[in-house]
Amino acid sequence: MLGKMMYQPLLLSGLIEHAAQYHGDTAVLSKEVDGTVTHSDWLTVSNNAKRMANGLAALGLKPADRIATLAWNNRRHLEAWYAISGSGMICHTINPRLFPEQLSYIVNDADDQALLFDITFLPLIMAIKDSLKGIKYFICLGARDDKVVAQLPETLFFDELLEQSAAEFDWPQFDETTASSLCYTSGTTGNPKGILYTHRSSVLHAIALCMPDVSALSAQDVLLPVVPMFHVNAWGTPYAAALTGCSLILPGPNLDGDSLVSLIDDYKVTVALGVPTIWQSLLAAAKNRGSKLDSMTRTIVGGAACPPSVIKTFREDFNCDAIHGWGMTETSPLGTMNQIKAKHKSLSDSEVNRVRESQGRPPYGIQIRLMDTENPEQVVAEDGHSQGNLQARGHWVISDYFTENPEAVTEDGWFDTGDIATIDADGYMNIRDRAKDLIKSGGEWISSVELENIAVEHPQVKMAAAIAAKHARWGERPVLIVVKEQGSSVEEAQILEFYNGRVASWQIPDKVIFVDNIVLNGAGKMVKNDLRREYGNVLLDS
Ligand code: ADP
């Protein structure tokens, strides 16, 4: 017997409708590419999204068309997002820091019909324009600009399109499993793979993101998504923000520590989200300027392993909870989040700190399991120390890639993440490494993440990457690539000594190589492939 309750499809347009109706005057602030700050609110975002939906339709764009964006976190980008997905088109956010060949590959693979861009990216577009096959419209996110027209005469301008479009628009209702947006993985190996989210998966993900044991987002918050909208939809925050009606601060292009401290202090940000490298530079800038980040109650850290020292500094020096989470493009990305349970409240501070170092546990909607690396049919015990391949399933986990690609899920319906992890009896998961980053020394695994976390605890180390270098006797041995703090004269021996007592002696790196800079990818993660290519043979050479 079926129940007798209303059925309404879970559509992204419902989120912006809610924000407009119940939180219309709540602030949405946007740092623009020219450095100015625009003050808007949810009602205006909603009205502009409707106008833009009319504008896109008037151009002949239709449901299921892929509409690409190459843009920072700003209000026009947000309005375009709701216009595109809300009217049944698919919003394809592109990571501008991909190689130009990868950019053209994904625009063509997605068969994008229009490209909305911030003026910053005009040179990038000009460089690849001839290889973009299907783009019918280039739409610059701004007012008319003659410099843009001089280079790309066919450009349309977002602000003009808004002015010319009717205000009246009713969001269409359609099947909730309709595709809403498309993100590509950064393709560190092989071509990038497309992940096609549905309205249903995105709405459920947004609800989950707000839950108290995830980010506890509410209408009292001022949210700063530092994570870019082109990195897994800013982890779903623009949707969660509309759902809760919190205030939203869109930080634009400048994501350096100083700019972020100013935004946080000026606009009383209560919660921010980003990758660990962002927080490392933010903490340094806050200390330099004597800011205590007073308004911040919590920060959500994910995308790469967060060094325990960062979590500790946030809590002890800034009275701010650093909540460690794990996820992937294929999981929308929310997979696990580290919030404690009631039973942890009786623990000492240092014990609680230990609990909070892991990547946390799944919220309702996601399940995880570990499978044996040698025997893929065999489930690994959840005892907190046995390692296995991490697999996930749930309402916002991929079922298939966008175009021909390897099968996304196992025969019994789980997505294999490519991460190696442990899970304890309370469900807390600890990422040991990406399978491809693990270092296999004489048949034993060494976690590069663990070696990096220890290195950055050293006061004179700014950034560190541990990689596997080929070794004549052991197969592979760890080598540590280090960027020193400015002005530091720390030497190899001092860093290696720092490992004594922190890991088993056979896990201590064989060598430390000092470099000026470690390249980060578009998502702010260290590009370890390049480091392996460059330094993978250093132990053989010597
Ligand atoms: P990319 O492969 O381009 O980095 P994603 O952004 O989807 O694409 O990254 C997902 C991967 O990032 C995960 O598989 C995992 O290896 C890593 N990751 C994400 N969050 C964490 C975390 N908190 N700790 C360690 N690794 C993480």
Exercise. Out of all the residues in region 311-321, is one or more within 16 Å of the ligand (Cβ to nearest atom) and touching a Ser or Thr at 6+ places or on another chain (Cβ under 8 Å)?
Worked result: yes
For this session: Go through the residues of region 107-128 one by one and say whether even a single one is in contact with an Asp or Glu (Cβ under 6 Å, 6 or more places away or on another chain), without any contact (Cβ under 8 Å) to a residue 40 or more places away in the chain and either among the aliphatic types (A, V, I, L, M) or over 28 Å from LEU248 (Cβ atoms) (or both).
Result: no
Seminar exercise, completed: Looking across region 423-449 at residues that are within 11 Å of the ligand (Cβ to nearest atom) and of a type in the set (D, E, K, R), the single one that is surrounded by the fewest Cβ atoms within 10 Å (Cβ to Cβ) is LYS436
Exercise. Of the numbered conditions (1) over 30 Å from LYS484 (Cβ atoms); (2) buried (at least 17 other Cβ atoms within 10 Å of the Cβ), GLY303 satisfies every one except a single condition; which is it?
Worked result: (1)
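Looking at region 514-531, can you tell me whether even one residue there is of a type in the set (Lys, Arg), more than 16 Å from the ligand (Cβ to nearest atom) and either assigned to a strand (DSSP E or B) or at pLDDT below 90 (or both)?
No: zero hits.
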Exercise. Out of region 377-422, which residues are touching a Ser or Thr at 6+ places or on another chain (Cβ under 9 Å) and more than 16 Å from the ligand (Cβ to nearest atom)?
Worked result: VAL380, GLU382, ASP383, GLY384, HIS385, SER386, HIS395, GLY413
Seminar exercise, completed: Here the residues within region 110-131 that are surrounded by fewer than 17 Cβ atoms within 10 Å (Cβ to Cβ) and small (Gly, Ala, Ser) are ALA127, SER131
Problem set entry | Any pair with Cβ under 8 angstrom, 6 or more apart, that starts in region 267-278 at a residue that is touching a residue at least 12 places away in the same chain (Cβ under 8 Å) and ends at one that is aromatic (Phe, Trp, Tyr) and buried (at least 24 other Cβ atoms within 10 Å of the Cβ) | LEU273/TRP235
Problem set entry | Count of region 288-309 residues which are within 16 Å of the ligand (Cβ to nearest atom) and farther than 18 Å from THR270 by Cα | 7
Problem set entry | Residue satisfying condition, being at positive phi, in contact (Cβ under 8 Å) with a residue 12 or more places away in the chain and part of a loop (DSSP other than H, G, I, E, B), within set ALA234, ALA216 | ALA216
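So that you can scan it fast, the table gives a plain yes or no per residue for (1) modelled with pLDDT of 95 or more; (2) more than 24 Å from the chain's Cα centre (by Cα); (3) under 28 Å from ASN521 (Cβ atoms); (4) β-branched (Val, Ile, Thr):
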site	(1), (2), (3), (4)
SER13	yes, no, no, no
ILE16	yes, no, no, yes
GLY24	yes, yes, no, no
THR38	yes, yes, no, yes
SER46	yes, yes, no, no
ALA53	yes, yes, no, no
GLY60	yes, yes, no, no
ARG66	yes, no, yes, no
PRO96	no, no, yes, no
Seminar exercise, completed: Exactly one of LEU248, LEU204 is more than 14 Å from the ligand (Cβ to nearest atom) and in a strand (DSSP E or B), and that one is LEU248
Exercise. If a residue has to be closer than 22 Å to THR178 by Cβ and either open to solvent by 10 Å² or more (accessible area, probe 1.4 Å) or outside the structural domain of PRO63 (by TED's automatic domain parsing) (or both) to count, how many in region 91-109 make the cut?
Worked result: 1
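The values are calculated or read from the model by the stated rules, or taken from the named source; none is laboratory data. None of these values were measured; they are calculated from a predicted model. Please note: Cβ atoms are built from the backbone with ideal geometry, for glycine as well, and neighbour counts cover all protein chains shown. Remember, those area values only see protein heavy atoms, side chains included, never the ligands or the DNA or RNA. Shrake-Rupley method; radii C 1.70, N 1.55, O 1.52, S 1.80 Å.
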